[in-house]
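Down below is the structure, laid out as structure tokens.
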Amino acid sequence: MDPDTTLPVLLMAAWLVPLASFVLIVLFGKYMGPRGIGAGYLSVLAIVTSAIFSLIAMFGVWLPNHDFPAAHESEHSSSTHDGAVVSATDESHSKDSHSNNPHPDYYTGDWYSLGEFGTLKLTIGYYIDSLTVAMFCMVSVIASCVHIYALGYMHDELHEQFVDHEVTLSSGEHLHRKGRFYRFFQYLSLFCFSMFGIVIAGNVAMVFVFWELVGICSYFLIGFYIERHSASTAANKAFIVNRIGDFGMLIGMMALWSSVGTFAFGDMKNEKGEVEQGLFSLLRPEESEYQLAPPAGMIAEQKRMFAGDPNASAGDAATPAIDPKRNTQGQWLLFIAGVGIFCGCVGKSAQFPLHVWLPDAMEGPTPVSALVHSATMVAAGVYLVGRFYPCFSPEALLVIAYVGCITLFIAATIAITATDIKRVLAYSTVSQLGYMMLSLGLGGWVAGMFHLITHAFFKGLLFLCSGSVIHAVHTNDMTFMGGLRKKMPITAYTMLVGCLAIIGAGFPLSVYGLSGYYSKDAIIEQAWSFGSVNPQHAILKWAPVAGAFITAFYMFRLWYMTFAGQPSDPHRYDHAHESPRVMTGPLIVLAAFAIGIGWPIFHVNDLLEQGRPVGTLSATHGELLTNLTIPSEHDSHVPLIKIPAGIAAFCTALAGVLLASIIYLWRLLNPDELKESFKPLYGFLWNKWYFDELYNYLFVKPTLIVSHCAAWFDRNIIDSILHTSAAICKACSKVVDALFDQTVVDGTVNTLASGTWGLGLWLRKIQTGSLRQYVMFIVIGTVALFVTISIVQAYFIPTS
Amino acid sequence: MTLSDPKVYLSLLVFLPAVAALVLAVLPRLADESYKLISLAVTIFVFILTLGFFRSGAPIDFEAGVAEMQNLFNVDWIPSFGIQYFMAMDGISFPLVVLTAFLSVLAMGASWPITKHVKGYCILFLLLETGMLGVFMALDFFLFYVFWEVMLLPMYFLIGVWGGPRREYAAIKFFLYTLVGSVLMLIAILMLYFNSDLTRLDAQQLADAGIVSVEKGGDAAQSFEKWKESDLPLAQRYAEITKEADLTQRKQLHTFNILALQQMGQHTDLFDGEALWGKSTQWWAFLLLFIGFVIKVPSVPLHTWLPDAHVEAPTPISMILAGILLKMGGYGLIRICYPICPNAGYQMAYFVCFVGVLSMVYGAFAALAQKDFKRMVAYSSVSHMGYVVLGLGVWSAVADTGYNPDYWKMGANGAMFQMIAHGISSAGMFFMVGVIYDRVHHRDLDKFGGLFAKMPLYSGLAVGIFFAGLGLPGLCGFIGEVFVVLSVWKYSYALAIISAAVVILTAGYILWAIQRVYLGAEYKGPHGEAITPITMRELSIAVPLLVLAIVFGVYPTALLNYMQPSVDMQIDRLAVWTEEHDNRATASNPLGSQDGQVADAWQR
């Protein structure tokens, strides 16, 4: 099959089927069986269809047409490649492994345009490379599992009377409402559509469109229990915090748009057959050997920006273009664009400092947490960093690395003290996303993307297991659990698989381990590789190792508190039971993936290597920070780095598990006593580093104050100016009335009137009634008229 | 005198509501219901007339993809002052005309709960529609002004008689504000009129102004010769004046023709003379017109009439007010301010953009603080209309950018799109507020809650429409906003960053309102028993609005096809003008004009 035509069609079908399901459920969901049970089946059918299409795209089209690189070291695809729309695959590049890698194989095109302005185009289109296909498969498979699982998990919503125990009405009763089964699946379908939209997007603008759409789906799903105030608040928080990230993303987009004039990732032909270059080719032109080189438009725009500065001279000083050795032309703008786009990813992937929304998002039903808030949507930020990767300057990558590093550490520490099972997992998600960001920032593109995929499976699994537990004991609080492994063995042991996968369990220095073993070790290797060339950034080398220790600790703490030991709440324990097969089935499937997806025989790594972004293989050096070097990812595979990194990762993880076992399994140390002895630290972590409080005082309250000021200003300043001027007008008119109207105007009129009156009185005197007198008046009048006319005629009218 | 004559068709379109109002006035007393039905029928008929333009190939139609004026006609009205009955439509006005007719139908449908003086209400409503349609179609400045005023009085009474408790205050505030605007506009009109001179335009420009009619494919010069010999009053006066060979002695042939004034503004120095305090005629005209129009938009700080007017006005009038009346300000800016006074617009571009951004930010902040549902929506209008002012003003086709008009085109198209999108979403939002107000008779945001459970369909539609206002992709609000915001950086990155930040505030006030009104466990306000599901009548108003919001959001080309050619042409003209202007300035001042200095600075 010709991938050029079939891939877009297959993936478009996979993308649109959930949309169709959404539309059908919106319109007819209510009528699909009792409480809309049919909607659930429809939605499952849709996502399974998507999964089938995605898998066909992968195994039927992509893999047969794209060979894996023969061996890991002798890299750089010499894959045969037919009919990419525009392909820069150049086999000559594969000869020299130190030259930079060209474009990966990709297929791109536009479906339709949102707006075209001269050369500027905003379109809806596709960009498909191996990463796209891999993401499609990952998302659709996990989504299928979650959908099926949700059929069981959400069955409460099928009842005519759903009792929400978390909502107490003013009458003191719990809320009784009708079930909303179909609505849940309606949002899930919309979410899948939006998520696929991000993955398939052919340009940044389209990413942004679906970025917002997944945001709104997340909003609906977090706030699914609309009656719960905490849920709707969490939903608002999620959306607004994401919008803060989007604000940064908009700035990045504007910087790109104004300087490069395109959002398209890849090159594509227009109607005339000319090649329109996309961002990747423009920023990494072939002439510069795919090194990042800001195009002319960007250099001009940066100049314009600094010139437009009121302190133009200061602007010049800030642009160290004076230094002839450093070429910073356009680099600042590139940095702004990169960091701006990354801001969007910070919001979506819940990175520090915008990580605060994700733990609250656990208000949503657990399948949502598994699908949206761990496996897919929050990973979209990481995905975008990976997709946009060729456009990040080394400085922007450093920012990404630091943000990832801080995030992974903060989130891991908070997870230590949390007792809500879903929140532990949420912080774990934040922390793992931090790992991915760190890896990407340090140049480990494949490692980061690989971790994205493995993490999606084991974190989806962990959340579904936690959902199964919650379903059984009706609480999120781990302090009410314990000993559950006897009651629900499938859940317990699948969750153990998830825990082992997330801590990266495996035999060190061998090729045997769970999926997390491969991806996490790759990240740590990359960090060590980076640390070896950038000693000034040593913290980036040690943080992931420390994170591995904490991760192992809190994950096993979670598992022990839930499944091991004695039941801490016998009442709940007695009522607990293993979940129905519709829920355990997906657990087993995901557990299988969590074990095996990383195995070298499945070539996920090689598949991703096929999609390695253009020009990211060789080491790059910063232009603004000249002592910054982003090492080549392949340098991390040298034994000098790989062996110590692997051992460090293994030892720290083992240490974490041991510590957790000491405290929570063997009870050699009493957790409550530890709590007491580290009270200030415990309080600090328990309160999540006080981020919510801090933001409340720093941002939320000031915003509300400013808004009240604005409203006050309207009412009391602008309107009072108006009212005062109206009053002055009125007063003036009164003065005019008094001074002018009443004296002058009325005076004149009155004088006139009285004059006329007087005249009349006087004239009355002549009305004598004597005929003779009248005749005399007539005669006098006539004579006077005659004389007047004669005079006028004689003197004033010129004779012609 | 057939319908295929633009003269007849357009006049019918504009004056049908007014005629119907007259008929209603003289009709014997009917049941209230009948008045509403008749008015609804008339608005529907007018809407069908506008739909008639979509039949491409029919004797009268509006072709997509054409930039120039279509269905143009002019008839002398008061020849001694050169006032004409001159109407036409292009891509800028046509979508607004259709929107007007469409929203009039919906607003009339939303008028059913009105029970007071129904006859008077219907008469005024229909008069209002004539005024609105006329404003968008008139191309004679005098005629434009007449329609502008025609619209004002019915609105005053509709707010003042049928409004809420503070209706008189709101009505007089609306009236005085708008009146100040129109007085300033009148001054500007007269300034432009007395400086205009038709004899300074060449044949092509006269043809572009719709004065000399050129056959399709015909030559402008030939038609011009023919026109000069015709017995049209204007042609005769033209001939009479141009008989005087000595240009210094020659009298001026003044005109109110907006298109001709545009040509003069862009191609002659007629409006460049000093008027007052060292500023040119066009500088003052622009300023006066700008103030007049942004009162209508409304922009901060001239916006305080809007919240009051909206809060007091009955629901259908709020829909009209937000959906259409505000658009007249934006329409005036793009049709009159910029093309007639390009030099002034160029000088004041930053000021205009600043006003736009200020409105966006200030309106959003103020909306966040409101307790009254309708007031919140009103402030959201202030914020959203800020995008329009900003998008029209991003004059990025300057020397720095090589006179590249593309970004400005994007901004202007975004602004125009935003006008239509806001017409749909804000009318919808006000209607949605009205639906719940009709039931519970209060609008206190803190005293709602739980409506989703009691009115699921209504709540779903309302949330959809509010999201259109929030600028969610896939709904109409997104397209306009994103076009505008993306275009700003090229003009000024500081303004761009501020304008992008507004997305956060918008999400804040809309989501917060949704949470307080629709979500939650139970209704907290009075009259809870009166909350009944949405009726068919209300549905038939809300659904079309939401459907349109989705259609334009998903497929904006449907609208841009009609709109963009005209907007692009105008921006292209202004970009060309800018380049010529800069060249003239550099030529006359070799050291570099003030405008050019910034550009030079960085080139060195």
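What residues from segment B:225-249 fall in the zone where the backbone N is under 20 Å from a label point 7 Å along the Cα-to-C-beta line of B:Asp219? Under cut-off, by backbone N: B:225-230. The calculated FRET efficiency for B:Phe45 paired with B:Leu22, based on their beta-carbon distance and R0 = 25 Å, is about 0.95. For the residues of A:116-128, the average number of beta carbons from a partner chain within 10 Å of their own beta carbon is 4. The charge dipole of segment A:691-767, taken about its Cα centre with unit charges on the Cβ atoms of Lys, Arg (+1), Asp and Glu (-1) only, comes to about 640 debye. Axis angle, to the nearest 10 degrees, between helix A:204-222 and the longest C-alpha principal axis of chain A: 80 degrees. Within the straight-line cut-off of under 17 Å between alpha carbons, the lysines reachable from A:Lys269 are A:Lys121, sequence neighbours fewer than 8 places apart in one chain being disregarded. So which of A:Lys237/B:Lys371; B:Lys7/B:Lys36; B:Lys36/B:Lys296; A:Lys178/B:Lys454 end up more than 22 Å apart by C-alpha? Flagged as over cut-off: B:Lys7/B:Lys36; B:Lys36/B:Lys296. Using the charge dipole of segment A:93-247 (Lys, Arg: +1 at Cβ; Asp, Glu: -1 at Cβ; taken about the Cα centre), state which of A:Ser130, A:Ile244, A:Cys192 has its Cα farthest towards the positive end. Comparing the listed Cα positions along the dipole, A:Ile244 ranks first. For peptide A:707-718, the mean count of partner chain Cβ atoms within 10 Å of a residue's Cβ comes to 6. Under 15 Å of direct C-alpha separation, and excluding same-chain neighbours fewer than eight residues apart, A:Lys734 reaches these aspartates and glutamates: A:Asp746. Of all lysines in the structure, those lying under 20 Å Cα to Cα from A:Lys730, and not within fewer than 8 positions of it along the same chain, are B:Lys173.
Give me the net charge for the shell around B:Ala415: Cβ to Cβ below 14 angstrom, other residues only, Lys and Arg +1, Asp and Glu -1.
On the way: positive: B:Lys327, B:Arg335, B:Lys409; negative: B:Glu481, B:Asp568.
Charge balance in the 14 Å sphere: +1.
The label-point distance for B:Gln204 and B:Thr268, in a model that sets each label 7 Å from Cα toward Cβ, rounds to 1.7 nm. To test your reading of the geometry: what angle, between 0 and 90 degrees and rounded to tens, separates the Cα axis of helix A:515-533 from the longest principal axis of chain A? Between the helix axis and the principal axis of chain A, the angle is about 70 degrees. Looking at segment A:122-225, the GluC sites (Glu not before Pro) that sit in a DSSP loop and have at most 12 other Cβ atoms within 10 Å of their own Cβ are A:Glu160, A:Glu173.
Distance between the C-alpha centres of segment B:479-503 and segment B:506-575: 22 Å, rounded to the whole angstrom. Relative to the longest principal axis of the Cα atoms of chain A, the long axis of helix A:581-596 lies at roughly 70 degrees.
With contacts defined as alpha carbon pairs under 8 Å and 6 or more residues apart, what's the relative contact order of chain B in percent? Don't jump to the answer; show the numbers that get you there.
On the way: 1047 pairs, mean separation 85.1, N = 604.
14 percent.
Working note: 222 nm ellipticity from helices only, DSSP H runs with n ≥ 4, each -39,500 (n - 2.57), summed and divided by the residues of chain A, gives -19500 deg cm²/dmol to the nearest 500. All other residues whose Cβ lies under 15 angstrom from that of A:Arg667 are scored, Lys and Arg at +1 and Asp and Glu at -1, for a net of 0. Which whole-number percent is the relative contact order of chain A (Cα, under 8 Å, 6+ apart)? Across chain A, relative contact order equals 12 percent.
Other residues whose C-beta falls under 14 angstrom from the C-beta of B:Pro79 contribute a net charge of -3, scoring Lys and Arg +1 and Asp and Glu -1.
Taking the centroid of alpha carbons for each part, segment A:113-171 and segment B:163-237 are 54 Å apart. Between the C-alpha center of segment A:493-510 and that of segment B:375-398 there is a gap of 55 Å. Distance between the 7 Å Cα→Cβ label points at A:Phe777 and A:Leu674: 12.8 nm.
At most 16 other Cβ atoms within 10 Å and a DSSP loop assignment: could you name the chymotrypsin sites (Phe, Trp or Tyr not before Pro) in segment A:668-763 that fit?
On the way: sites: A:Phe678, A:Tyr682, A:Phe684, A:Trp686, A:Trp689, A:Tyr690, A:Phe691, A:Tyr695, A:Tyr697, A:Phe699, A:Trp712, A:Phe713, A:Phe740, A:Trp757, A:Trp762; in loops: A:Phe678.
Those that pass, being in a loop and sparsely packed, are A:Phe678.
When the listed pairs B:Lys327/B:Lys409; A:Lys272/B:Lys216; A:Lys303/B:Lys409; B:Lys228/B:Lys251; A:Lys348/A:Lys642; B:Lys243/B:Lys279 are checked against a 26 Å cut-off, the alpha-carbon distance exceeds it for A:Lys272/B:Lys216; A:Lys348/A:Lys642; B:Lys243/B:Lys279.
Only the coordinates and a few stated rules stand behind these numbers; no lab work does. Quick caveat: nothing in here was measured; it's all calculated off a predicted structure. Positions of Cβ are backbone-derived with ideal geometry, glycine not excepted, and every protein chain shown enters the neighbour counts.
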